[in-house]
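Working notes, beginning with the structure itself.
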């Protein structure tokens, strides 16, 4: 029922303004729970399915190349976060031990080491996060163009930055990505893009 209401509202808006708009609500991601779960735990798979439906892979020649590139970045991001957490926790444990033992010089060194390692590991984490932001934003722009929606760069930028998971789900639902999108296969009905030639 909520889907019908969202579709009716979007159709009414499109008719009133003369421009098409999103059929699915931004925060209606829980209407398709498996797609929402897939996005939370494997966003690269869902993004690759969306790009497959669009027929373009942002400069990469195939669905598999795009999917593997995103999964590699996602895995690297996860590993960096885990390494950062473990190393910082070890150093903070040594800091607490040195501080309780009264060795304030060692405690200060351990705290400084912890901050330095966090700062160093935050650089690649930030870069990978920016890459994912750009992929999500470009995908949203391309869906707007494909569906002939009225351009709204500011809204797309805010959505992609502030709630990227909801943005991916909304975009996936718009191009009719199914809930079994983590199958690592190019979606049926995918358009053959010029970048595949």
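The values are calculated or read from the model by the stated rules, or taken from the named source; none is laboratory data. Predicted model only: the values in this text are computed from it and were never measured. Cβ sites come from the backbone with ideal geometry, for glycine too, and all protein chains shown count toward neighbours.
Given (1) under 22 Å from residue 39 (Cα atoms); (2) without any contact (Cβ under 8 Å) to a residue 12 or more places away in the chain, where does residue 119 come up short, assuming only one miss?
Among (1) under 22 Å from residue 39 (Cα atoms); (2) without any contact (Cβ under 8 Å) to a residue 12 or more places away in the chain, the lone unmet condition for residue 119 is (1).
Suppose we filter the stretch 73-127 for residues that are outside any helix (DSSP H, G or I) and loosely packed, with under 13 Cβ neighbours inside 10 Å; how many remain?
Count: 2.
Just to be sure I understand, how many residues within the stretch 12-53 are surrounded by 19 or more Cβ atoms within 10 Å (Cβ to Cβ) and either at pLDDT 85 or above or part of a helix (DSSP H, G or I) (or both)?
Going through the stretch 12-53 one residue at a time, the tally reaches 16.
Before we move on, is residue 70 buried (at least 16 other Cβ atoms within 10 Å of the Cβ), touching a helix residue (DSSP H, G or I) at 6+ places or on another chain (Cβ under 9 Å) and in a helix (DSSP H, G or I)?
When the stated conditions are applied, residue 70 passes them.
Can you say whether residue 61 is surrounded by fewer than 17 Cβ atoms within 10 Å (Cβ to Cβ) and at pLDDT below 90, as far as the supplied structure shows?
yes
So which residues in the stretch 136-158 are in contact with a helix residue (DSSP H, G or I) (Cβ under 9 Å, 6 or more places away or on another chain) and either outside any helix (DSSP H, G or I) or under 30 Å from residue 88 (Cα atoms) (or both), if there are any at all?
Scanning the stretch 136-158 gives 149, 150, 151, 152.
Taking the stated definitions as given, is residue 143 under 18 Å from the mean Cα position of the chain (by Cα), surrounded by 14 or more Cβ atoms within 10 Å (Cβ to Cβ) and under 30 Å from residue 97 (Cα atoms)?
In short, no.
Just one of 188, 176 is outside any helix (DSSP H, G or I), within 14 Å of residue 22 (Cβ to Cβ) and at pLDDT below 90; which is it?
That would be 176, the only listed residue that is outside any helix (DSSP H, G or I), within 14 Å of residue 22 (Cβ to Cβ) and at pLDDT below 90.
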